[in-house]
């Protein structure tokens, strides 16, 4: 969340940021509630101080002064009444604060939806086929790589079985990416997919994206849609030494998304699913804006290098205000060329959050001078599968219906080509 002091001092900027992110926020009400809250806290502290002072008064030998005793009871009742009022105000204050989105960086274009995103880079040449290329659905069926029908039978809509070389290739690309980032100094984690509500609130998934999250009511636990959720919450409630920052993680986790907001979109194939596997990059670092922007670029370069290793054409999009999400200060999406769609499809997202998440999660660090500050957080999809398999199957297909395995994955797959023969 944002610092309330920042909101007080930058009301119009915060109001514009919310409007640019297509979010309605009652900042006027928030500031009224904040003023009431501060006033009540002041009154409670003042009355407690008087009560504490009176309790230290030494009464005469005959016992406590009746006047002081009555005054003490009165103060106790007044404090209790004020505390009850404060509890109501605090509840509304917290609810309103959680509705305020982050303020985007000045470099972020203003736009209402994906049409406002800006392409900033392209890499690789689009494949030129001397035959009519097939989409991944046709390739998967002919090569017996995915069983959608039995997936739906067993797990329902948007579920699937990966089979044969596709199953092996998924593990290959995940493990290759995992190793690559470990060599870059990122700490490997296998993160839980089961998370408590506070981690989703801290991450910024809640309150806005509640419909997108699976909730297991019996245990009051949630299924995370990305390892960003548990890994960002890893240091929740802790104070870290400045010398230990930045903390860089590469985390594997199964991911679960209800896709409630995508009704009618990508209903066939591997593009939009309820369950998938992902390698995520997460950084917890100092409250240094310029340094965090540099780390944001580092995460982008890491993701780009994976696609370059795979020799897959892609483009980088700078997301506009209306398509970047509520917690983000700045966000890139990497879209990989998918011949079956005759278009680029999103395969990675790269976000800088400032201290928006860490305030919610209470992650702080102690500077060399002894000052306590909130950290910054960043995250980036290194690779997500099986969506990346769409790009591999379609870009590497051959005229005879076979698919060449990307060279960097062959040491893990044990085959150079996927074919029926």
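The values are calculated or read from the model by the stated rules, or taken from the named source; none is laboratory data. Every value quoted in this text rests on a predicted model; they were computed, and no experiment measured them. Methodologically, a virtual Cβ is constructed for each residue, glycine included, from the backbone with ideal geometry; neighbour enumeration extends over all protein chains shown.
Data overview
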quantity	calculated
Residue satisfying condition, being in a loop (DSSP other than H, G, I, E, B) and more than 20 Å from residue 394 (Cα to Cα), within set 177, 159, 132	159
Single match in 404, 347, 381, 367 (criterion: over 22 Å from the mean Cα position of the chain (by Cα) and either free of Cβ contacts under 8 Å to residues at least 40 places away in the same chain or under 28 Å from residue 122 (Cβ atoms) (or both))	404
Considering residues of segment 116-136 that are out of contact with any strand residue (DSSP E or B) (no Cβ under 7 Å at 6 or more places or on another chain) and in contact (Cβ under 8 Å) with a residue 12 or more places away in the chain only, the residue surrounded by the most Cβ atoms within 10 Å (Cβ to Cβ)	136
Sole residue being in a loop (DSSP other than H, G, I, E, B), loosely packed, with under 11 Cβ neighbours inside 10 Å and modelled with pLDDT of 95 or more, chosen from 106, 5, 24	106
Boolean, residue 393 is farther than 29 Å from residue 98 by Cβ, surrounded by 24 or more Cβ atoms within 10 Å (Cβ to Cβ) and touching a residue at least 40 places away in the same chain (Cβ under 8 Å)	yes
Residue 372 crowded, with 24+ Cβ neighbours inside 10 Å and in contact (Cβ under 8 Å) with a residue 24 or more places away in the chain	no
Of the criteria (1) at pLDDT 95 or above; (2) within 29 Å of the chain's Cα centre (by Cα); (3) part of a loop (DSSP other than H, G, I, E, B), which one residue 126 fails	(2)
Residues of segment 408-419 classified as farther than 13 Å from residue 166 by Cα and touching a residue at least 40 places away in the same chain (Cβ under 8 Å), total	1
Filtered residue count, segment 147-166, keeping only those that are touching a residue at least 60 places away in the same chain (Cβ under 8 Å) and surrounded by 15 or more Cβ atoms within 10 Å (Cβ to Cβ)	7
Residues of segment 279-294 satisfying the condition of being surrounded by fewer than 19 Cβ atoms within 10 Å (Cβ to Cβ) and in a helix (DSSP H, G or I)	289, 290, 291, 293, 294
Scope segment 239-260; condition touching a helix residue (DSSP H, G or I) at 6+ places or on another chain (Cβ under 9 Å) and in contact (Cβ under 8 Å) with a residue 60 or more places away in the chain; matching residues	247, 248, 249, 250, 251, 252, 253, 259
Enumeration of residues in segment 185-214 that are closer than 24 Å to residue 287 by Cβ, out of contact with any helix residue (DSSP H, G or I) (no Cβ under 7 Å at 6 or more places or on another chain) and part of a loop (DSSP other than H, G, I, E, B)	185, 186
Of the criteria (1) in the same structural domain as residue 331 (by TED's automatic domain parsing); (2) exposed (fewer than 13 other Cβ atoms within 10 Å of the Cβ); (3) at pLDDT 95 or above, which one residue 169 fails	(2)
Whichever residue in segment 215-229 is over 10 Å from the mean Cα position of the chain (by Cα) and outside any loop (DSSP other than H, G, I, E, B) and, among such residues, is surrounded by the fewest Cβ atoms within 10 Å (Cβ to Cβ)	216
